[in-house]
Amino acid sequence: MSYAFFALISRMKNIDRWALMRNADRENVMEHSHMVAVLAHALAVIRRDILGVPCSPDRCAAAALFHDAPEIFTGDMPTPVKYHDPDMQAAYRRVEAGAIRKLLDGLPAAMRPEYDALLGDEGGVRDIVKAADKLSAYIKCVEELKTGNLEFKSAASSTLLKLRAMHMPEVDYFLDNFMDAFEKTIDEISV
């Protein structure tokens with residue numbers, strides 16, 4: 001029997017993000033997922049090692065790698081469209097659930113529970129992944145602004161407000177201790 005799950009996952013590289021905006025540096029879903037995994041891991045380490053709250057960095061990173069996998073079938077739905085109104089959100093959730101089922105069907109039955117947990121809403125992990133996803137979007141905005149692309153100015157401010165409104169100490173810690181380095185050139189970053 002031939003299973004398609006991993007062949008489908010490899011197609012994440014073909015899906016561009018930020019389709020409604022002019023990009024100085026294009027980003028695809030696979031690149032984004034890698035960064036979200038790095039950030040989810042960091043937020044989980046901050047939660048566990050700085051804040052003293054139990055958390056699994058490895059589990060958070062693994063879930064982040066797959067957080068946008070349904071977009072293989074749905075494409076990257078622009079935020080203003082996806083969250084336009086409650087009916088649109090509900091419809092998108094249904095489409096996304098169908099995409100997850102289709103992905104899981106591409107695995108042997110014995111492997112499905114592990115990937116179902118990573119693709120689903122696993123408690124204690126999902127909040128970290130959502131925060132990392134938002135943080136990745138903010139970093140993208142900052143990097144675009146660094147190139148002089150003012151198209152991302154409004155998105156940067158609204159995304160930062162949303163990050164602060166999460167009231168997650170690990171997010172605030174990251175913003176306060178790591179974010180300024182993203183605004184610097186490689187020559188300005190001191191290690």
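Check 139, 128, 100, 189 and return the single one that is touching a helix residue (DSSP H, G or I) at 6+ places or on another chain (Cβ under 6 Å), of a type in the set (Val, Ile, Thr) and exposed (fewer than 14 other Cβ atoms within 10 Å of the Cβ).
Selected residue: 189, the only one of 139, 128, 100, 189 that is touching a helix residue (DSSP H, G or I) at 6+ places or on another chain (Cβ under 6 Å), of a type in the set (Val, Ile, Thr) and exposed (fewer than 14 other Cβ atoms within 10 Å of the Cβ).
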State the number of residues belonging to segment 147-160 that are within 18 Å of residue 133 (Cβ to Cβ) and either in contact with a Cys (Cβ under 7 Å, 6 or more places away or on another chain) or surrounded by fewer than 11 Cβ atoms within 10 Å (Cβ to Cβ) (or both).
4
Can you find a residue in segment 4-22 that is loosely packed, with under 15 Cβ neighbours inside 10 Å, of a type in the set (Ser, Thr, Tyr) and closer than 25 Å to residue 101 by Cβ?
yes
Looking only at residues that are of a type in the set (Asp, Glu) and assigned to a loop (DSSP other than H, G, I, E, B) in segment 59-83, which one is modelled with the highest pLDDT?
68
Of the conditions (1) among the aliphatic types (A, V, I, L, M); (2) within 20 Å of residue 62 (Cβ to Cβ); (3) at pLDDT 95 or above; (4) surrounded by 15 or more Cβ atoms within 10 Å (Cβ to Cβ), residue 111 satisfies every one except a single condition; which number is it?
(4)
Determine which member of the set 69, 40, 7 is under 20 Å from residue 117 (Cα atoms) and in contact with a Cys (Cβ under 8 Å, 6 or more places away or on another chain).
40
Tally of residues being in a helix (DSSP H, G or I) and out of contact with any His (no Cβ under 8 Å at 6 or more places or on another chain) across segment 1-37:
17
Only one residue in 178, 152 is within 22 Å of residue 25 (Cα to Cα) and touching an Asp or Glu at 6+ places or on another chain (Cβ under 6 Å). Which one?
152
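The values are calculated or read from the model by the stated rules, or taken from the named source; none is laboratory data. Given the structure is predicted, the values throughout are model-derived calculations rather than measurements. Virtual Cβ from ideal backbone geometry, glycine too; neighbours counted across all protein chains shown.
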